[in-house]
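Report on the following structure.
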Amino acid sequence: MFISGYAVVAGAAERLVLGYDSFGNICGRKNTPVEGANLSGLDMTNKKYVFFLNSCSLEIQSLKISSLSLCVSSCPQQQLNSLEDLQSFARNNGSFLCVYNLNVSSYTLNPKAAQLCPTLPVPPSKSFPLFNRCVPQNPECYSKYASVLISMVNEMDVFHRILSGILAGRDTVIGLSVLALAFSLILVLAFRFIQPLLVHTLIALVVFGLLFVSGVLWWLHYDYGNDPSTELETEKENVKFLLGYAIFSTIVTVVLLSLIFVLRKRLQFAVQLFRIVGKIIGRIPFLLFQPLWTFLILIVFWAFWVAILLSLGTAGTAQSASGGQVEYRALSGICYMAWYHFIGLVWTSEFILACQQMVIAGAVVTCYFNRNKNNPPPHPVLSSISVLFCYHLGTAVKGSFLITILRIPRIVLLYLYNTLNQKENAKHLFNCCCCWVCFQKSCLRCFNQHAYTTTAINGTNFCTSAKEAVCILARNSAKLASISCFGDFLLFLGKVFVVCFTVFGGLMAFNYHRELQAWVVPLLLVGFFAYLMSHSFLSVFEVTADAMLLCFAIDMETNDGTAEKPYFVDQELLTFVSQSNKLTEGRKHRNTRPFQDNEDGTELQPM
């Protein structure tokens, strides 16, 4: 909360995207005056473009352009050769190119007009879409202007370049997030009424998406790497990130294609599992609305997080300088606060998802341990929400914190990879550590879900519930492991489907905006948001299936099926688990039978 309040007070995100003049006025908005600067605090609502008075002879010193800059309503599209031309342009277009305190009627009369107006002749210019600058179109002036602007962008630190890229592509990021939402909704409806044909269609789309995205990434890396006009540091970073994306996408494609080939005959069990899950959701239809509420909460939080991030990036103090000008001086330690802010993004997002998982698990537990399956308990979702907020918020906090702890080493390892990129041993160590961290995080996420379900059943705290969940899963791992594995794998393919096609849309959209944009980082954010959205929606089926199977294991241990202790499980689920276990045991028996026959003394016949 301290960082959020400080960023709102000290930051001004509009400076990055709107631009500002030499007197501390942000173009395109009303401003507050700065002490000691007479021309600050002006209303620039209709003046959206930054115009440099000496655009053909710019110089940069300490990330600041030496020429005086003004906010103007339009850029001159024709060359202006005299003060009379400046005066005529101001009267006809309402765009004043001289200092604000010089009246338009005094352009040709004031003896200091030459110092207060732009250097003549004023070249024709057009507004630049990213930084709202008037860029000269004269070839000689344009080359000098572009070289200075390139130097300024290259001298910016990575943090501010990323912020500029996020602001420049904010509309595209929002559109791609809506696209990911649409894909997630389609998959939710598909899994609700799943059929074998749909499974094969999903697998085909995932394979196509993985191959296509990998091919596009390699093509873009080749295209950017061989582009002779690559001068900006952001463009060079695009090439590096594209290579990393392409390698990662290729590895994921090979691994997933291998798993799909190995498990292709066992996905029929996943179809039967989701049919049973669909019936449970049919008894509690409001479970399907939980991702919508979670999505809305996540959107509000992400918007708040991005606003605070932008405010942190522009946090600084406005100080008056010589000539009534204003300088913004950035505060030290902002980058460290940004890292802390990023950890807050991961932890809070995981906490929101953990609350959804606990609500779903509580509703499923209430429905499962109900004797009359045709008459479910009233309002199980609302009851689960009230229990969560009254008793178990600490459980969700602890579980989400454990996930966050395992995400931080991945970030550190990525940083070490860039530092040790030239050493092969270091790269191998990095790959091994990343695999270990990813495996641990995946196991911990599944472990948390079972802990949440145990909390819903027993009402115990997180640590006690986690211990009970481990004991139950250890005793019943042979019965439940294969069933849960195939269901989770099919849901993971659904998440890959959403991320692949959202990232593909992002590649096509960002590829048309190459100039001065570090768009690979917004693309990474889009992929992260797409995965969170798909996980939020598909976790309804994942948490329902895991909670149902854990309730089944507890039911089998607690009851024996007699009249005194009848089972809570319905016949369809019991039959499905029995058939799955018989098939698994049969395969194990066939795999070990030749060795057993040999041990029993059966003579091997010669060839």
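Computed values, structure above
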{"item": "Separation of the HIS200 and ASN559 label points, Cα + 7 Å toward Cβ, nm", "result": "3.8 nm"}
{"item": "VAL135 long-range amide H proximity, modeled H, under 5 Å", "result": "LYS126, SER127, PHE128"}
{"item": "Rounded to the nearest 10 Å², the accessible area of TYR222 at probe 1.4 Å", "result": "150 Å²"}
{"item": "Placed amide H near PHE23: partners under 5 Å, 5+ positions off or other chain", "result": "VAL326"}
{"item": "Exposure of GLU557 as accessible area (Å², to 10), given a probe of 1.4 Å and all protein chains", "result": "80 Å²"}
{"item": "Phi to ³J(HN,Hα) by Karplus 6.51 cos²θ - 1.76 cosθ + 1.60 over region 176-190, Hz, x for Gly, Pro", "result": "5, 5, 5, 4, 4, 4, 5, 4, 5, 5, 4, 5, 4, 5, 5"}
{"item": "Heavy atoms of SER105 accessible to a 1.4 Å probe, total area in Å² rounded to 10", "result": "60 Å²"}
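The values are calculated or read from the model by the stated rules, or taken from the named source; none is laboratory data. Because the structure is predicted, anything quoted here is derived from the model rather than measured. All Cβ positions, glycine included, derive from the backbone under ideal geometry; neighbour counts span all protein chains shown. Side chains are part of the model used for accessible areas, which takes the heavy atoms of the whole protein and leaves out ligands, DNA and RNA. Shrake-Rupley method; radii C 1.70, N 1.55, O 1.52, S 1.80 Å.
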